[in-house]
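> Can you keep this structure in mind? I'll have questions shortly.
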Amino acid sequence: MAGLLAGVAFGALTSMANVFGSAYGPFTAVQGEGVAWLQFVSKLLDALWAWALFPFAVGWFVRRPVAGVLAGVGGMVAAVAGYYVSDAALGMTSGLEVNALRVGRRSRSSVRRSWLCSGRSRAGAAW
């Protein structure tokens, strides 16, 4: 449970440092001038080493092998979710886009029908 809360806090803190420290974000008072210390914090929290070290730190604080792995993975998932939810709440993204996802499975016969109806030749097709 503590790993999940730490993950949400880490992700939201990273997102807020990005948004409020940005020189071109929606909360910038003067375009082109961000808050210097928040830009520094943003660079530290956005570094790959910080995101890679986070689940190890959470697992180390749990101090039990299996529970540590689960806490680290859960904390990382919560951190990613917290980051994107915070970005969406602060207006940095338009939310989660799922337009490109295709739900369901196409059968082989429907793939063949769409291929035949498209007018393309089957010479280069790998069936």
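All of the numbers you see were taken from the coordinates with simple rules; none came from a lab. Fair warning: this is a prediction, and the values are worked out from it, not measured in the lab. Here the Cβ positions follow ideal geometry from the backbone for every residue, glycine too, while neighbour counts run over all protein chains shown.
> Only residues in the stretch 2-15 that are over 21 Å from Arg63 (Cβ atoms) count as the first member; pair them with residues that are part of a helix (DSSP H, G or I) and among the acidic types (Asp, Glu), Cβ under 6 angstrom, at least 6 apart or cross-chain, and list the lot.
Ser15/Asp87
> Within the stretch 13-51, can you find the residues that are over 19 Å from Thr93 (Cα atoms), hydrophobic (A, V, I, L, M, F, W, C) and surrounded by fewer than 16 Cβ atoms within 10 Å (Cβ to Cβ)?
Selection gives Ala29, Val30, Ala36, Trp37, Phe40, Leu44, Ala47, Leu48, Trp49, Ala50.
> Can you name every residue in the stretch 52-61 that is among the hydrophobic types (A, V, I, L, M, F, W, C) and either exposed (fewer than 13 other Cβ atoms within 10 Å of the Cβ) or over 17 Å from the mean Cα position of the chain (by Cα) (or both)?
Ala52, Leu53, Phe56, Ala57, Val58, Trp60, Phe61, listed by residue number.
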